[in-house]
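Enquirer: Pasting a structure below so you can have a look.
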Amino acid sequence: MTTLQQELGRRLAAALEQVLGAGHGGDPAVVAASDRRFGDYQSNVAMVLAKQVRRNPRELAGRLIGALDLAGVGSAEIAGPGFINFRVGAECLAGRAAAMLGDARLGLPRTGAGRRVVVDFSAPNVAKPMHVGHIRSTIIGDSLARVARALGHEVITDNHIGDWGTQFGMILHGWKTCRDEAALERDPVGELVRVYREVNERANGSPEVLEQCRQELVRLQQGDPANLEIWRRCVELSKAGLQRIYDRLDIRFDHWLGESWYNDRLGPLVDDFLARGLARVSEGAVCVFSDGSLPPDDDPFRIHNEGGWTDNPMLIRKGDGGFLYATTDLATLDFRLREWRADEVWYVVGAPQQLHFRQVFAAARRWGRDAAFRHVAFGSILGEDRKLMKTRSGRNVQLGEVLDEAVERAAAVVAEKNPALDDGEAAAVAEVVGLGAVKFAELSQHRLTDYVFSWDRMLALHGDTAPYLQYSHVRIRSIFRRLDRPFDPAAAQLRLDAAEELALARLLVRYPEVVPAVLDDFRPNLLAGHLLETARAFHAFFEACPVLRAGEAVRASRLALCELTARVLAAGLGLLGIRVPERM
RNA sequence: GCCCCCGUAGUUCAAUGGAUAGAACGGAGGUUUCCUAAACCUUAAAUGCAGGUUCGAUUCCUGCCGGGGGCACCA
């Protein structure tokens, strides 16, 4: 099933070939119209090509329209300086809506078929709290994985947890000096967090404590059995705690290959870099330097400072023999390419890591590991002072608290709006609505936007929010519950007459066009925005067009339109990792 | 010092180089004997500044102003 956009593009391409001959190089570039006044789809190809072929754009557009075969689709007209505006006929929209109802994929193309993608997201540190700062990677990454899967990619999700970092120096020290075993039984993750914070505070300004932590870390890395055992237990406890949050968020990982998993690959990796001349020792550390193959301002291994262009090496082994972030990332990338045969690797990691990834990707390519690497960067969550939220400060709101608060607020609204629900269902609805609100707040904005954390913004239940979309779905389901006999959408004849029906149908048939666009630049907010538009169009339709009270034929047609709307909303929200209730 | 990201209604956010810049919240005004008013309808309100490229710039380029981040042994 091709999309309307593809169909129009194909027909316009044929017209281009007819008018300009083969090899004209023009891209039909059919896009959804910027404004309904200009029809449903538009192409600017005539204006773009006019210069090359030295013709008047309007004249060229006219000839293209003359050559255009739009049988069964609609019509086209010239507008403004040379736009070609397409209007899609009601029968065509009805036919496409019907086809979507008969397709379990809702018309989604398989643009990702044959591509194996590793999505790296969430990646929290073990024994440190998951706070609001982790929410973006987790939610955006999960959504991108869902979208990719829906488009036919073979997706591998991998939670690259920080289970071997320097934080274990502090945790080991704290474990031995201030752990409360009873508290650990009651609330393992909470106690680990408390211990970490306490040691962090004690170390702050105390070189002695810091040194003791460092020594604990060294002992761990040297394989000290006691420390290894403590480490193992901490990782287990933390993973269990993390898993509860992921379960709640309905997020699953195919793998949890954390940093520790790559430990024994790091030494050989550095040796290989040295042997191949990709790295050399400088000031005691093993570094990857520029090889001069890139222009200076495009070279991640060079940087400009007061003295002009200087080296900006990527360290892969410290002077004391320890390994670094970049070393593990290179080992991980190597593994994903060679063991998993990944065609693409997407890193859903904050924007501050940009330089790091440019260096890692460049080094990997020089090392002979090449694939479509993407750093899917996102903006920072700022504190009230507009400064970055710091992990160590301890004042950060934890992710679990955000989820609890969201569900609590949703529960209050559910109790107020629909007291008829029994307690069990009310609680289930509050969970779905509250968590949906949190996810949607994240996914409905551009991933690179920085924002100041605010409860009200993250937990809003009105306006452009998930609950609005969920409510739309609920109203539709409510119609079907009132039906006195079964309704078979596949058998219904769609007839679109009212302006509101047409407006809704236009948006519904665009769903399979919008979903692939999400992956063009890794932007779930495009889908979020489209779902909001669809829901608004549905409510406008629902106000203006009676469904159950309409005559037989109109009623069947409108029921089919409702059914498709419900399916699109549920599927679209599903791609955002958000569930829909049957009533609320 | 250099590099990266961001700057849009009062506020929070949108807008693959397209036409008269969209929403939401908040403001003002309206809609309920009618399929869930968590809704709908009407209304006022914005592209930091200055240049450039282009038929056309919120979008691309340059400079400035403002906010955030990064730049050798943390991750």
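Enquirer: Would you kindly work out the equivalent ellipsoid of chain A from its C-alpha gyration tensor and give its semi-axes, the square roots of five times the eigenvalues, largest first in whole Å?
Expert: Square roots of five times the eigenvalues give 49, 34, 18 Å.
Enquirer: Could you sort A:199-207, A:173-181 so that the peptide with the highest average Cβ count within 10 Å comes first and the rest follow in order?
Expert: The packing order, highest mean first, is A:173-181, A:199-207.
Enquirer: A follow-up question, please. Calculate, for segment A:433-584, the solvent-accessible area per residue in square angstrom, rolling a 1.4 angstrom probe over the heavy atoms of the protein chains.
Expert: 38
Enquirer: Once neighbouring chains are kept in place and the probe is 1.4 Å, which whole percent of the accessible area of segment A:1-88 is contributed by carbon and sulfur?
Expert: Answer for segment A:1-88: carbon and sulfur cover 50 percent of the accessible area.
Enquirer: Ok, one more. Residues of segment A:70-128: accessible area per residue at 1.4 Å, in Å²?
Expert: Heavy-atom SASA per residue in segment A:70-128 reads 37 Å².
Enquirer: I've got another one for you. For the Cα atoms of chain A, what angle does the longest principal axis make with the long axis of helix A:552-575, in degrees from 0 to 90, nearest 10?
Expert: Approximately 20 degrees, to the nearest ten.
Enquirer: Per DSSP H run of n ≥ 4, the term is -39500 (n - 2.57); total these for chain A, divide by its residue number, and report the mean residue ellipticity at 222 nm rounded to 500 deg cm²/dmol.
Expert: Counting only the DSSP helices, I get -17000 deg cm²/dmol.
Enquirer: Now for a different question. Relative contact order of segment A:319-388: what whole-number percent is it, with Cα pairs under 8 angstrom and at least 6 residues apart?
Expert: 37
Enquirer: If you don't mind, another one. Among A:72-83, A:124-135, how do they line up by average Cβ neighbours within 10 Å per residue, starting with the highest?
Expert: Taking the mean over residues of other Cβ atoms within 10 Å, the ranking is A:124-135, A:72-83.
Enquirer: With a cut-off of 8 Å between alpha carbons and a minimum separation of six or more residues, what is the relative contact order of chain A in percent?
Expert: Relative CO of chain A lands at 15 percent.
Enquirer: Could you compute Rg(Cα) / (2.2 N^0.38 Å) for segment A:1-91, with N its residue count?
Expert: Taking the Cα Rg and dividing by 2.2 N^0.38 Å, one obtains 0.99.
Enquirer: Under 5 Å between amide hydrogens, which residues at least 5 positions from residue A:317 or on another chain qualify, with H placed 1.01 Å from N in the peptide plane?
Expert: Residues meeting the criterion, in which the H sits 1.01 Å from N, are A:286.
Enquirer: What translational diffusion coefficient, to the nearest whole µm²/s, does segment A:35-164 have by Stokes-Einstein, given a Kirkwood radius computed over alpha-carbon pairs, a temperature of 4 °C and 1.567 mPa s viscosity?
Expert: Using the Kirkwood radius from Cα pairs, D works out to 68 µm²/s.
Enquirer: OK, next. How do A:405-414, A:189-198 rank on mean C-beta neighbours within 10 Å, highest first?
Expert: A:189-198, A:405-414
Enquirer: Can you say what percent of the DSSP beta bridges in chain A, counting only those with both residues inside, are antiparallel? Round to 5.
Expert: 60
Enquirer: Please give the contour-minus-distance gain from residue A:387 to residue A:180: 0.36 nm per residue of separation, less the Cα-Cα distance, rounded to one decimal in nm.
Expert: 71.2 nm
Enquirer: Using a probe of 1.4 angstrom, how much of the accessible area of segment A:407-524 is carbon and sulfur, in percent?
Expert: Exposed carbon and sulfur together represent 51 percent of the surface.
Enquirer: Could you tell me, in Å, what Rg and Dmax come out for the Cα atoms of segment A:500-564?
Expert: Computed over the Cα atoms of segment A:500-564, radius of gyration and Dmax are 13.8, 46 Å.
Enquirer: Between residue A:155 and residues 5 or more places away or on another chain, which pairs have amide H atoms under 5 Å apart, with H built 1.01 Å from N, and which residues are they?
Expert: Result for residue A:155 returns A:117.
Enquirer: Something else: Return the sequence-ordered ³J(HN,Hα) values of segment A:122-136 in whole Hz as given by the Karplus equation 6.51 cos²θ - 1.76 cosθ + 1.60 applied to θ = phi - 60°, using x for Gly and Pro.
Expert: Karplus values, whole Hz, x for Gly and Pro: 6, 6, x, 8, 6, 6, 10, x, 7, 10, 4, x, 8, 5, 5.
Enquirer: Please list, in order along segment A:500-513, the HN-Hα scalar couplings obtained from phi with the Karplus expression 6.51 cos²θ - 1.76 cosθ + 1.60 (θ = phi - 60°), rounded to whole Hz, x for Gly and Pro.
Expert: Result, rounded to whole Hz: 5, 5, 5, 4, 5, 4, 4, 6, 4, 6, 7, 3, x, 8.
Enquirer: If R₀ is 30 angstrom, what is the calculated FRET efficiency for the pair residue A:36 and residue A:425, using the beta carbon separation as r and rounding to 0.05?
Expert: 0.15
Enquirer: If you don't mind, there's one more thing I want to ask. Enter the accessible area of residue A:439 (Å², nearest 10), with the probe set to 1.4 Å and all protein chains included.
Expert: 10
Enquirer: With everything on Cα atoms, drop me the angle between helix A:524-544 and the longest principal axis of chain A, reported from 0 to 90° to the nearest 10.
Expert: 40
Enquirer: Take residue A:236 and residue A:250, extend 7 Å from each Cα along the Cα→Cβ direction, and tell me the distance between the two endpoints in nm.
Expert: Simple spin-label model gives 3.2 nm for this pair.
Enquirer: If you don't mind, there's one more thing I want to ask. What does the accessible area per residue of segment A:1-58 come to in Å², with a 1.4 Å probe and no ligands, DNA or RNA counted?
Expert: 55
Enquirer: Another one. For segment A:173-314, take every pair of Cα atoms, bin their distances at 5 Å starting from 0, and report each bin as a whole percent.
Expert: Computed distribution, short to long bins: 2, 7, 11, 12, 13, 12, 13, 12, 10, 6, 2, 0.
Enquirer: Oh, and also: Taking residue A:176 as the anchor, which aspartates and glutamates have their alpha carbon closer than 17 Å to its alpha carbon, excluding any fewer than eight residues away along the same chain?
Expert: A:185, A:191, A:198, A:201, A:208, A:211, A:216, A:224, A:229
Enquirer: Let me ask something else about it. Return a whole-number percent for the relative contact order of segment A:358-509, with Cα pairs under 8 Å and 6 or more residues apart as the contact set.
Expert: For segment A:358-509, the relative contact order is 23 percent.
Enquirer: Right, something else. Residue A:294 to residue A:272: FRET efficiency via 1/(1 + (r/R0)^6), r the Cβ-Cβ distance, R0 22 Å, to the nearest 0.05?
Expert: E between residue A:294 and residue A:272, to the nearest 0.05, is 0.50.
Enquirer: A further question follows. Hey, got a sec? Which trypsin sites (Lys or Arg not before Pro) in segment A:63-153 land in a DSSP loop and have at most 15 other Cβ atoms within 10 Å?
Expert: Here the trypsin sites (Lys or Arg not before Pro) that fit, given the DSSP loop and packing criteria, are A:105, A:110.
Enquirer: What angle do you read, to the nearest 10 degrees and between 0 and 90, between the alpha-carbon axis of helix A:225-249 and the longest principal axis of chain A?
Expert: 20
Enquirer: Could you list which residues have their amide H under 5 Å from that of residue A:452, counting only those 5 or more apart in sequence or on another chain, with H placed in the peptide plane?
Expert: When sequence neighbours closer than 5 places are left aside, the close amide H contacts are A:382.
Enquirer: Restricting the calculation to Cα positions, tell me the Rg (one decimal) and the Dmax (whole number) of segment A:278-347 in Å.
Expert: Using the Cα atoms of segment A:278-347, the pair Rg, Dmax is 14.4, 44 Å.
Enquirer: Continuing with the same structure: Could you tell me which of rounded, prolate or oblate describes segment A:451-523, using a ≥ b ≥ c as the square roots of the eigenvalues of the alpha-carbon gyration tensor, with rounded for a/c under 1.5 and, failing that, prolate when a/b is larger than b/c and oblate otherwise?
Expert: Note, shape of segment A:451-523 comes out oblate.
Enquirer: ³J(HN,Hα) across segment A:419-429 via Karplus (A = 6.51, B = -1.76, C = 1.60, θ = phi - 60°), whole Hz, x for Gly/Pro?
Expert: x, 6, 5, 6, 4, x, 5, 4, 5, 5, 5
Enquirer: Give me the distance in nm between label points sitting 7 Å out from Cα along the Cα-to-Cβ direction at residue A:341 and residue A:2, one decimal.
Expert: With each label point 7 Å from Cα toward Cβ, the separation is 3.1 nm.
Enquirer: Let me ask another. Of A:152, A:137, A:85, which is farthest along the charge dipole of segment A:35-167 in the positive direction, counting Lys and Arg as +1 and Asp and Glu as -1 at C-beta?
Expert: Farthest along the dipole direction, towards plus: A:85.
The values are calculated or read from the model by the stated rules, or taken from the named source; none is laboratory data. Nothing here was measured: the structure is a model prediction, and the numbers come from that model. Virtual Cβ from ideal backbone geometry, glycine too; neighbours counted across all protein chains shown. For the accessible areas, the whole protein counts, side chains as well, though only heavy atoms, and no ligand, DNA or RNA atoms are used. Shrake-Rupley method; radii C 1.70, N 1.55, O 1.52, S 1.80 Å.
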